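Engineer: Would you mind keeping the following structure in view while I ask a few things?
The values are calculated or read from the model by the stated rules, or taken from the named source; none is laboratory data. In this text, all values refer to a predicted model and were calculated from it rather than measured experimentally. All Cβ positions, even for glycine, are placed from backbone atoms using ideal geometry, and neighbour counts span all protein chains on display. Please note that ligands, DNA and RNA were not included when accessible areas were found on the heavy atoms of the full protein model with its side chains. Shrake-Rupley method; radii C 1.70, N 1.55, O 1.52, S 1.80 Å.
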Amino acid sequence: ANAVCNGGAGLLALAMLKEDPITKEALSHARRWAWRFMNYAQSDDGGNTEGMQYWEYGLSFMMRFATMLEQVTEKDNGLLSHPSIQRISNMIRVSLCPDGAPHGINDTIPAPVGTELSYLAARRFDDPLALWYGDHAGRWFQAREEAGKHSPGRMFGQWATLYRPQLPEATEALSLPTAFALHSIEFGILRSAPRYDVRWAAGLKGHRAPHT
């Protein structure tokens, strides 16, 4: 049920679908095991049990597979309509801190991760917060680069470029809740004002397993 391996294998099966009969069996396995990941790691409220960094890492591979599955077979196996994908921006709401990056609960690197997923949500669901966050991440990395500061993670990938809708850059920060929680993963945040660049913010995490 590993999202990275399963998503990558599913993509390979799609790429070779008409070249080798065994790829149909591989694709069938990928489609079936995709749901093991979705049911284990993703919650209907948009929460990912492993935190922001693995939300980006694992779910990005799964969504690449889902989008290409839809392109090739005209069916997405229900993956793109999963409630957690429709509510993908809730991970941003519960994690984004005053420095412009998500808090470090569950070993998240101090950088605005998840650009690829944000642009997917912006394109598919016309999600304004997702579009702003993706563009914000680009500005964040560029500012650090211009200042000569090392940045963990990466700015953009080819999938982020493919996903981003053809819209003007989103520069105006949208409001965020001053108190927000994802009960499925026991993540919460308190902010001193309804925006990300506040005087203070406090991230909270319960003891729900599994967590990394």
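Engineer: In a Gaussian network model over the chain where Cα atoms closer than 10 Å are linked, find which of 85, 185, 109 has the largest mean-square fluctuation.
Structural biologist: Among 85, 185, 109, the largest mean-square fluctuation in the Gaussian network model of the chain belongs to 109.
Engineer: Sticking with this one: Using a simple spin-label model with points 7 Å from Cα along the Cα→Cβ vector, what separation in nm is obtained for residue 126 and residue 158?
Structural biologist: Simple spin-label model gives 3.1 nm for this pair.
Engineer: If you take the square roots of the eigenvalues of the alpha-carbon gyration tensor of the stretch 55-122 and sort them as a ≥ b ≥ c, do you get rounded (a/c under 1.5), prolate (a/b over b/c) or oblate?
Structural biologist: It is prolate, given that a/c is not under 1.5 and a/b is the larger ratio.
Engineer: Among 79, 167, 14, which one shows the highest mean-square fluctuation when the chain is modelled as a Gaussian network with alpha-carbon springs under 10 Å?
Structural biologist: Highest fluctuation among the options: 167.
Engineer: Kindly provide the helix-only [θ] at 222 nm of the chain, computed as the sum of -39,500 (n - 2.57) over DSSP H runs of four or more divided by all residues, to the nearest 500 deg cm²/dmol?
Structural biologist: Calculated mean residue ellipticity at 222 nm is -15000 deg cm²/dmol.
Engineer: Same structure, new question: Given charges of +1 on the Cβ of Lys and Arg and -1 on the Cβ of Asp and Glu, with all other atoms neutral, how large is the dipole of the chain about its Cα centre, in debye to the nearest 20?
Structural biologist: 240
Engineer: Next question. Once the mean 1/r over all distinct Cα pairs of the chain is inverted, what Kirkwood radius in angstroms do you read off? Walk me through the intermediate numbers first.
Structural biologist: On the way: mean 1/r = 0.0565 Å⁻¹.
17.7 Å is the Kirkwood radius here.
Engineer: Continuing with the same structure: May I ask you to work out the translational diffusion coefficient for the stretch 1-93 at 25 °C, viscosity 0.890 mPa s, via Stokes-Einstein with Rh from the Kirkwood sum over Cα pairs, reported in whole µm²/s?
Structural biologist: Numbers: Rh = 13.2 Å.
Diffusion coefficient, whole number: 186 µm²/s.
Engineer: Please state the relative contact order of the stretch 33-124 as a whole percent: Cα pairs under 8 Å, 6+ residues apart?
Structural biologist: Details: 103 pairs, mean separation 31.0, N = 92.
The normalised contact order for the stretch 33-124 reaches 34 percent.
Engineer: Name the residues of the stretch 61-85 whose amide N is less than 20 Å from a point 7 angstrom out from the Cα of residue 15 along the C-beta direction?
Structural biologist: Counting backbone N atoms under 20 Å from the label point, the list is 61-74.
Engineer: Once the dipole of the chain is set up with Lys and Arg at +1 and Asp and Glu at -1 on Cβ about the Cα centre, which of 6, 105, 26 lies farthest towards its positive end?
Structural biologist: 105
Engineer: Determine the share of the chain's accessible area contributed by carbon and sulfur atoms, expressed in whole percent, with a 1.4 angstrom probe.
Structural biologist: On the chain, the fraction of accessible area on carbon and sulfur atoms equals 53 percent.
Engineer: A further question follows. List the residues of the stretch 54-81 whose backbone N lies under 20 Å from a point placed 7 Å from the Cα of residue 28 along the Cα-to-Cβ direction.
Structural biologist: Answer for this model: 66, 69-70, 72-79.
Engineer: For the stretch 7-76, what relative contact order do you get, as a whole percent, if you take Cα pairs closer than 8 Å and at least 6 residues apart?
Structural biologist: 39
Engineer: For a paramagnetic label modelled at 7 Å from the Cα of residue 57 toward its Cβ, which residues of the stretch 116-143 fall within the zone defined by backbone nitrogen distances under 17 Å?
Structural biologist: 116-117
Engineer: Could you check the simple spin-label distance between residue 204 and residue 36, using points 7 Å along Cα→Cβ, in nm with one decimal?
Structural biologist: Computed distance between label sites residue 204 and residue 36 equals 3.5 nm.
Engineer: Out of 90, 77, 48, any idea which swings most in a Gaussian network model of the chain, alpha carbons joined below 10 Å?
Structural biologist: Looking only at 90, 77, 48, the largest GNM fluctuation is found for 77.
Engineer: Working out 0.36 nm times the residue gap between residue 86 and residue 99, then minus their Cα-Cα distance, what length gain in nm do you get to one decimal?
Structural biologist: 2.1 nm
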